[in-house]
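The structure under discussion appears below in the form of structure tokens.
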Amino acid sequence: MAKRHIPGGVNTSLRSVGIPLAFTRAKGSRIWDADNNEYIDFHCGFGTTILGHCHPRINKRVFETLQTLDLVGVGTTEQEAELADKLCLCVPSAKKVLFCNSGSEATYNAVRLARAATGRREIVKFQGCYHGWHDSVLMNVITEASKMGMKDPLSAGMSQEAIDNTHVLTFNRLDEVERKVRERHDRIAAIILEPIPHTIGCVLPKQGFLQGLREIADRHDIVLIFDEIISGFRHSIGGYQKICGVTPDLTTLGKAIANGYPLAAICGREDLMDQFNTAGGNVFFAGTYNAHPLSTSASLATLEELENGSVYEHIFALGDRLRKGLQGICDNLGLNTHTAGFGSVFVTYFMDPPIECYDDLLRNDANSFVAFRRKMIERGIFMLPSNLKRAYISASHEREDIDKTLEKAKQPLAEIAESREALMH
Ligand SMILES: Cc1ncc(COP(=O)(O)O)c(C=O)c1O
């Protein structure tokens, strides 16, 4: 039905996964499709619902706000000021913060600000990282082997100038960054990266890589942007920067920030952020729905839940249990997989380690990866059935959900092991 008037039947390209899906209900760790089939949900709205779906305390706060305030759209509200104060207390790089509605808007504004502040045009991104749909960053995400080393724009119609101004380098290869910056230092405005590239599952930064980027950026007055739209709030209330101890100049936040309500943020150094909106600055920042009271209320309520750390304890423990369990099943079957992850994020790659950058992931067996997830969906366990995509655990998941998932995974993994075996003979 959705296809009648919606191109492709979905409102985000990545929501189309090759099988018809329509959902009517979501609660806690569960989602229900239009045929009333129940699933344990490990997609979690692309990682947004860190507390679980339709969380009672978040929804209560949103309903309370709704009784007195919707969108006024001029001046400010108490909620946004309070939320800005809170973020600046939690996130190490945040001295000032602005709110928008989506991660793409946040990274767009971060890149624009970096260009304005440095007077330079070019940026560096890394193969495998996704930073949203705008022209300067929409390239080289999940690139086919035959296109590696070339520019790989994800859409027709992008500005060639924007594509040309973006250098795509290899994550974890500080020598490549050094070389590029040596060649182009007076032209590079920003280095933008996911500190953990979760777009392609979970590739951890090598010891010294993030610190090395910090030093290179400092040496050449380049703006270092951590895109923590996935990792922020998901791994710690202070973002991954709080865990790794490297502070970027600008940070973009989104997804788990408001447990599924539409909100994103850009924050960072005061001298940079003050170029937006202030008398002394000349960088434009706008959006009719920016800092919508419903989203900022949802975010304040979400941060209250995250503050004492018990959510992280719970989801990290479940993450460890699930990763160990999945790897154990595969090892018993002699299936060469590697279950990676961090905290509440997990992914089973159908390949052997090591995995240090996107190039390594070209060894992943995409057919087995997707087949496993499709088989799991048939058994009531939902992980996005797209190659390399990560899966998430929320605070609403319980140990029993993890154990049930492991039980359900045995047969699909055994079938994959058998079919691979058959292929080899
Ligand atoms: C790391 C990262 N940055 C930016 C974005 C873009 O965010 P949005 O889809 O809210 O525009 C995403 C979305 O998946 C993301 O994962």
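The values are calculated or read from the model by the stated rules, or taken from the named source; none is laboratory data. The structure displayed is predicted, hence computed values, not measured ones. Cβ sites come from the backbone with ideal geometry, for glycine too, and all protein chains shown count toward neighbours. Surface areas here come from the heavy atoms of the whole protein model, side chains and all, with no ligands, DNA or RNA. Shrake-Rupley method; radii C 1.70, N 1.55, O 1.52, S 1.80 Å.
Note on segment 315-425: with charges restricted to the Cβ of Lys and Arg (+1) and Asp and Glu (-1), its dipole about the Cα centre is near 300 debye. Just the protein heavy atoms count here, and of the accessible area of segment 1-90 at 1.4 Å, carbon and sulfur take up 54 percent. In the context of the full set of protein chains, segment 33-137 has a per residue accessible area of 44 Å² (1.4 Å probe). Farthest towards the positive end of the charge dipole of the chain, among the residues Gly343, Asn172, Met424, is the Cα of Met424, using unit charges on the Cβ of Lys, Arg, Asp and Glu. When the Cα gyration tensor is reduced to axis lengths a ≥ b ≥ c, the ratio a/c is 1.5 or higher for segment 281-369, and with a/b not above b/c it is classed as oblate. Compared with the alpha-carbon gap, the fully stretched path from Glu400 to Asn282 is longer by 37.1 nm at 0.36 nm per residue. When the residues His397, His314 are ordered by accessible surface, computed with a 1.4 Å probe over the protein chains alone, the sequence from largest down reads His314, His397. Within the accessible area of segment 134-278, the carbon and sulfur atoms contribute 45%, probe 1.4 Å, all protein chains present.
Taking only the C-alpha atoms of the chain, Rg followed by Dmax gives 21.4, 72 Å.
Could you grab the relative contact order for the chain? Cα pairs under 8 Å, six or more apart, rounded to a whole percent.
Relative contact order for the chain comes out at 21 percent.
Working note: Karplus 6.51/-1.76/1.60 with θ = phi - 60° gives segment 301-316 the couplings 5, 5, 4, 4, 6, 8, 4, 8, x, 5, 4, 5, 4, 5, 6, 5 Hz, where Gly and Pro are set to x.
Considering only Gly232, Ala2, Ala190, and ranking their Cα positions along the charge dipole of the chain that arises from unit charges at the beta-carbon of Lys, Arg, Asp and Glu, the one farthest toward the positive end is Ala2. Going 7 Å from the Cα of Lys151 toward and past its Cβ, which residues in segment 106-127 have a backbone nitrogen under 14 Å from where you end up? Those under the cut-off are 122-125. Put the Cα centre of segment 62-118 next to the Cα centre of segment 294-352 and the gap is 27 Å.
For segment 270-425, the normalised intensity computed at q = 0.09, 0.14, 0.20 Å⁻¹ comes to -0.45, -0.80, -1.22 (log10 of I(q)/I(0), Debye sum over alpha carbons, equal scatterers, no solvent). In the chain, once you exclude exposed GluC sites (Glu not before Pro) (DSSP loop, at most 16 other Cβ within 10 angstrom), what's the longest stretch remaining? Answer - 145-306. Between the amide H of Cys100 and those of Ala264, Ala265, Ile266, Ala291, distances stay under 5 Å, these residues lying 5 or more places away or on another chain, with hydrogens modeled in the peptide plane.
Solvent exposure of Asp359, expressed as accessible area, is near 70 Å², computed with a probe of 1.4 Å over the protein chains only. Note on the chain: with charges restricted to the Cβ of Lys and Arg (+1) and Asp and Glu (-1), its dipole about the Cα centre is near 520 debye. For segment 316-365, the dipole from Cβ point charges (+1 on Lys and Arg, -1 on Asp and Glu) about the Cα centre works out to 280 debye, to the nearest 20.
Bridges between two residues of the chain, per DSSP, are antiparallel at a rate of about 60%. How much of the pair distance distribution for segment 226-306 lies past 20 Å, counting alpha-carbon pairs only, in percent? Taking all Cα-Cα pairs of segment 226-306, the fraction more than 20 Å apart is 39 percent.
What segment 229-294 shows is 35 Å² of accessible area per residue, with the surface traced by a 1.4 Å probe over protein heavy atoms. Among the listed pairs Lys27/Lys60; Lys125/Lys375; Lys389/Lys410, those whose Cα-Cα separation exceeds 24 Å are Lys125/Lys375. Ranking Asp320, Asp35 by solvent-accessible area of protein heavy atoms (1.4 Å probe, all protein chains present), from largest to smallest, gives Asp35, Asp320.
Here, P(r) means the percent of Cα pairs in each 10 Å bin from 0 to the largest distance; for segment 28-144 it is 10, 24, 34, 24, 7, 0. Exposure check, 1.4 Å probe, all protein chains in place: Lys180 carries approximately 40 Å² of accessible surface. If you take the charge dipole of segment 300-425 about its Cα centre, with +1 on Lys and Arg Cβ and -1 on Asp and Glu Cβ, which of Asn367, Ile355, Asn387 is farthest toward its positive end? Value computed over the given set: Asn367. Per-residue 3J(HN,Hα) values for segment 355-366, derived from phi via the Karplus relation 6.51 cos²θ - 1.76 cosθ + 1.60 with θ = phi - 60°, read 10, 10, 7, 4, 3, 4, 6, 5, 7, 5, 7, 4 Hz in sequence order (x marks Gly and Pro). The helix-based estimate of mean residue ellipticity at 222 nm for the chain, built from -39,500 (n - 2.57) per DSSP H run of four or more residues and divided by its residue count, is -12000 deg cm²/dmol to the nearest 500. Indicate the gyration tensor shape class of segment 88-202 (rounded, prolate or oblate), computed on the Cα atoms with a ≥ b ≥ c the square roots of the eigenvalues: a/c under 1.5 is rounded; otherwise a/b larger than b/c is prolate and the rest oblate. In terms of gyration-tensor shape, rounded.
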